[in-house]
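The values are calculated or read from the model by the stated rules, or taken from the named source; none is laboratory data. Model, not experiment: these values are computed from the prediction. For neighbour counting, all protein chains shown are included, and Cβ atoms are generated from backbone atoms with ideal geometry for every residue, glycine included.
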Ligand SMILES: [Zn+2]
């Protein structure tokens, strides 16, 4: 599989320049790829994302928007299941790690798999925060704070609009 992808990339880069990205997705290999999760990256244009996502999903995932607290679909969802990225379907969080932080957004102690999330320092809105994005598609999910419960003491504060819940 890796070999095929490498061949594809070689051919692709040999006959295409960055401004001739085809309409379908471009797959790029990721050096952090591991056996559990497929973390090959998905790159799409804004127009493509806009077509595939609802306006709310697009605002959160692609424009780093934040849904108002206590308004999303999952802040008070206590059913058993998994939470996937609304843009690319990567399994990001599990109900096993969800807890009620009282903040009005779905809160998790940790990701389903540490390889699925990427972290970036975010100095917007006058605060120093750590932004959490989906590693596979680059979609904005929310932020992670150091005030969570044991054992991680982390609180992944995630927008419902960035997630799709799949009941167990
Ligand atoms: Zn994603």
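With the condition kept exactly as written, say whether any residue in segment 154-168 is part of a loop (DSSP other than H, G, I, E, B) and surrounded by 17 or more Cβ atoms within 10 Å (Cβ to Cβ).
Within segment 154-168 (the criterion being part of a loop (DSSP other than H, G, I, E, B) and surrounded by 17 or more Cβ atoms within 10 Å (Cβ to Cβ)), the answer is yes, since at least one residue qualifies.
Residues being within 18 Å of the chain's Cα centre (by Cα), assigned to a helix (DSSP H, G or I) and more than 11 Å from the ligand (Cβ to nearest atom): count how many of those fall in segment 97-137.
Within segment 97-137, residues that are within 18 Å of the chain's Cα centre (by Cα), assigned to a helix (DSSP H, G or I) and more than 11 Å from the ligand (Cβ to nearest atom) number 3.
Name the one entry in 8, 70 that is away from the ligand (no atom under 13 Å from the Cβ) and modelled with pLDDT under 95.
8
Output the residues belonging to segment 94-128 that are touching a helix residue (DSSP H, G or I) at 6+ places or on another chain (Cβ under 9 Å) and farther than 15 Å from residue 153 by Cα.
105, 106, 112
Pick from segment 75-96 the residues that are away from the ligand (no atom under 16 Å from the Cβ) and part of a loop (DSSP other than H, G, I, E, B): which of them is surrounded by the most Cβ atoms within 10 Å (Cβ to Cβ)?
By that ranking, first place goes to 75.
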